[in-house]
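Step one of this worksheet: look at the structure below.
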Amino acid sequence: MKAEDAAGNQSVPSAATQVTTTSGNSATVYYKVPSGWTLVNIHYAPNGGNWTPVPGVPMSPACAGWDVYTVNLGQATGWQAVFNNGNGTWDNNGGRNYSL
């Protein structure tokens with residue numbers, strides 16, 4: 001993942017995703033679809049909030065090889081997420097979840 005603030009400052013990216021903060025209290029997540037996946041769900045929880053029901057919510061195609069989803073963070077100042085293909089394969093950042 002990669003976060004960007006309103007001033008254009010970016011974090012060090014992970015190998016799997018890019019995240020850009022947007023107006024309001026939301027974050028738009030771009031996820032590079034792994035080879036062999038035909039569906040991507042994002043399963044997430046705002047800090048202090050509940051996780052989405054398993055398997056999460058479907059992401060939408062953004063451009064070739066990438067899916068996108070905008071997360072409403074409510075009052076949370078951060079969140080964590082994992083991704084899955086709807087068939088039992090999960091990307092959970094090596095068991096650490098993806099956090100912002």
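Here are the numbers for the structure shown:
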read-out	value
Search result, residues across the stretch 68-100 that are over 16 Å from Ala27 (Cα atoms) and open to solvent by 50 Å² or more (accessible area, probe 1.4 Å)	Asn87, Gly88, Thr89, Trp90, Asn92, Gly94, Gly95, Arg96
Strands (runs of 3 or more DSSP E) (entirely within the stretch 1-53) containing at least 1 residues that are more than 16 Å from Thr89 (Cβ to Cβ) and modelled with pLDDT of 85 or more	26-32, 41-46
Residue match in the stretch 58-67 (condition: under 14 Å from Ala45 (Cβ atoms), modelled with pLDDT of 95 or more and surrounded by 11 or more Cβ atoms within 10 Å (Cβ to Cβ))	no
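The values are calculated or read from the model by the stated rules, or taken from the named source; none is laboratory data. All values derive from a computational prediction rather than experimental measurement. Every residue, glycine as well, gets a Cβ built from its backbone with ideal geometry; the counts of neighbours run over all protein chains shown. Please note that ligands, DNA and RNA were not included when accessible areas were found on the heavy atoms of the full protein model with its side chains. Shrake-Rupley method; radii C 1.70, N 1.55, O 1.52, S 1.80 Å.
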